[in-house]
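Enquirer: Submitted below is the structure of interest, expressed as structure tokens.
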Amino acid sequence: MPKQLISVIVPLYNEEEVIGESYRRLSAVLASLEEDYELLFVNDGSRDRTFELARAIVEKDPRVALIDFSRNFGHQMAVSAGLMQARGDAVVIIDADLQDPPELIPKMVEMWHGGAEVVYGKRVSRKGESAFKKLTAFCYYRVLDALSGWKIPKDTGDFRLMDRKVADALRAMPEHNRFLRGMVSWVGFRQVPLEFERQERFAGETKYPLKKMLKLAADGIFSFSGKPFGVMRVLGGLLLLAGLLLVLTLLIAQAMWGGVEGWAYVLGTLLALGGLNLLALGVCGVYFERMYDELKGRPLYVVRQVLRAPADGERP
């Protein structure tokens, strides 16, 4: 049976402290496979020495390629750029911080050979993370599961192996507000979990602070569910009912004890209907903004250069 090609995508953003160790462990693991491989670094507008260090690796290892963005476009775009360049029969996505152990890749490949078309890493524990991060992650995945129109596995990130068919399906999806783990769930195919303990970050600091986590959470909810509209309808009905009950209570109070001013009726009604309108407009605005992003038709990202060893027969 001929060897197959495994592509490994590693997004990079200010990873000068970890890229050397990440490359060492990844190349050791991939060299142990009975397959060919390519390692795709995607420099997402790093402001430190990440690009120089990655370029040095490319210059000494012909199995490594470097995709360099013109600026920072975000983690999901970096992974998407890697998918566009990946040539493998299977594609692995893994971050450079080594929280997701590269040593699990051979098991993923084994499960792929066994018939799985997507093998996704499922975290059973999260070492080195604060109680706040663990709590918010736990709550987020449950809320996403309740709101999403598609079954997205809980406690998973982007660490996964995908068959070429799955990668091609993702490449055909040009949406701008990308939530890749949801997109992978949406395309279907045979998907199986691989449970593991998430490790502490090898060095440096997280590239997903609270602001970016909230953005990713919004992408997951609004890209894969229209249920917020339904929530607004229910909430609107409750607010309207509360306003009517308030007005009824005021009428009863007026009849029994008197002295209720007319402005109280107006205030109760305005509070209920005003809150309803603002909430509904806010939810609609999020969807309209996303429609606007798609209608502009801009590229998902801009690549400054791609550094890759020439294939056989190509000019250097």
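The values are calculated or read from the model by the stated rules, or taken from the named source; none is laboratory data. Model, not experiment: these values are computed from the prediction. Every residue, glycine as well, gets a Cβ built from its backbone with ideal geometry; the counts of neighbours run over all protein chains shown.
Enquirer: State which residue is modelled with the highest pLDDT when the search covers only the range 171-220 and only residues that are β-branched (Val, Ile, Thr) and over 11 Å from the mean Cα position of the chain (by Cα).
Expert: 192
Enquirer: Could you list all residues from the range 41-69 that are surrounded by fewer than 21 Cβ atoms within 10 Å (Cβ to Cβ), over 18 Å from residue 14 (Cβ atoms) and either in contact with a His (Cβ under 9 Å, 6 or more places away or on another chain) or of a type in the set (A, V, I, L, M) (or both)?
Expert: 58
Enquirer: Same structure again: With respect to the numbered conditions (1) within 17 Å of the chain's Cα centre (by Cα); (2) of a type in the set (Ser, Thr, Tyr); (3) at pLDDT below 90, which one is the sole condition not fulfilled by residue 130?
Expert: Answer for residue 130: the failing condition is (1).
Enquirer: Counting just the residues of the range 80-96 that are in contact with a Lys or Arg (Cβ under 8 Å, 6 or more places away or on another chain) and buried (at least 23 other Cβ atoms within 10 Å of the Cβ), which one comes out farthest from residue 121 (Cα to Cα)?
Expert: Per the stated criteria, the residue is 80.
Enquirer: Between 73, 41, which is within 22 Å of the chain's Cα centre (by Cα) and assigned to a loop (DSSP other than H, G, I, E, B)?
Expert: 73
Enquirer: Take the residues in the range 87-99 that are part of a loop (DSSP other than H, G, I, E, B) and within 15 Å of the chain's Cα centre (by Cα); name whichever of them is farthest from residue 29 (Cα to Cα).
Expert: Filtering first and then ranking leaves 95.
For (1) within 26 Å of residue 172 (Cα to Cα); (2) among the charged types (D, E, K, R), each residue gets a yes or a no:
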site: 86; (1), (2): yes, no
site: 89; (1), (2): yes, yes
site: 94; (1), (2): yes, no
site: 102; (1), (2): no, no
site: 118; (1), (2): yes, no
site: 121; (1), (2): yes, no
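Enquirer: Of 33, 53, which residue is without any contact (Cβ under 8 Å) to a residue 40 or more places away in the chain and either touching a helix residue (DSSP H, G or I) at 6+ places or on another chain (Cβ under 9 Å) or part of a loop (DSSP other than H, G, I, E, B) (or both)?
Expert: 53
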